[in-house]
Amino acid sequence: MRQILPDTETTGLDPNQGHRIIEVAAVEMVNRRLTGNHLHRYVNPERDIDAGAMQVHGITPEFLQDKPRFADIAREFVDFIHGAELIIHNAPFDVGFLNVELRLLEMPLLSTWCEGVVDTLAMAKSLHPGQRNNLDALCKRYGVDNASRTLHGALIDCELLAAVYLALTRGQESLSIGLEDAQRSQADPAAMRMRSKPVLLQASSEEMAAHAGVLEAIAEESRGGCLWGTEQGAA
């Protein structure tokens, strides 16, 4: 299975108020392994960045002045994610921004390009209700080293999310591996032959005598109504 883990940084919190994407990244995972294939672009939003947003990601308008617009990298982005399942932390936020950018370019929305979206924030809330489930908290909970994450950054957040997602779904992986092993054993005659034969344990003479005593007592109590092979019940 091909999965893509994307992330965005933005000028503010609400795309419906004119805020735009200023950084987009995505990493590729195939069969639960990172391939090393990734996409990472800074984007000139052609507008100011909220002070609160700059405190989170540290990206300034001056840094973005010579960067491409989203229109310049949109085709590259949708080609990278095409046909994959998307794994996103707090998916409504990133999906909302990406859809606004695509809509401004009169391009099909995100759902057209991908095979569905998994929201790891919703997944974490289900597994850990009432606890903090932001990316830093999940890294701490699952032992993922996030020491290099002094500020939010799209690419590093994608890489951290990949490790967190694998930890969140580790039980599913174990189940899948178990099913695959069972299927291989059933399909492989050699594996079938290697299965251990049942072990037959013989009762000792003392155990046989004790068993016979119990049967005789039951037969006496039932006044000859037993059907097993005692003298009282034998035909």
Just to verify a number: FRET efficiency for R170 and E62, C-beta to C-beta distance, R0 = 45 Å, to 0.05? 0.55
Stretched out fully, how many nm does the piece from R103 to S126 gain, at 0.36 nm a residue minus the Cα gap? 5.1 nm
Using a 7 Å offset from the Cα along the Cα-to-Cβ direction at both N37 and V117, what is the distance between the two label points in nm, to one decimal? 2.3
Can you tell me the FRET efficiency between L151 and R2 if r is taken as the Cβ-Cβ distance and R0 is 35 Å, rounded to the nearest 0.05? 0.75
Convert 20 °C to kelvin, take the viscosity as 1.002 mPa s, use the Kirkwood radius over C-alpha pairs of segment 2-180 as Rh, and evaluate the Stokes-Einstein diffusion coefficient in µm²/s, rounded to a whole number. 127
Exposure proxy check on D94, D72: fewest-to-most Cβ neighbours within 10 Å is D72, D94
Residue span A71 to S204: 0.36 nm per residue of separation minus Cα-Cα distance leaves a gain in nm of 39.4 nm
With +1 on each Lys and Arg Cβ and -1 on each Asp and Glu Cβ, how big is the dipole of segment 1-110 about its Cα centre, in debye rounded to the nearest 20? 360
Just want the ordering: I156, I81, I87, from fewest to most Cβ atoms lying within 10 Å of their own Cβ. I156, I81, I87
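Just so you know, all these numbers are worked out from the coordinates, no wet-lab data involved. On a predicted model such as this, the values are computed, not experimentally measured, just so you know. Methodologically, a virtual Cβ is constructed for each residue, glycine included, from the backbone with ideal geometry; neighbour enumeration extends over all protein chains shown.
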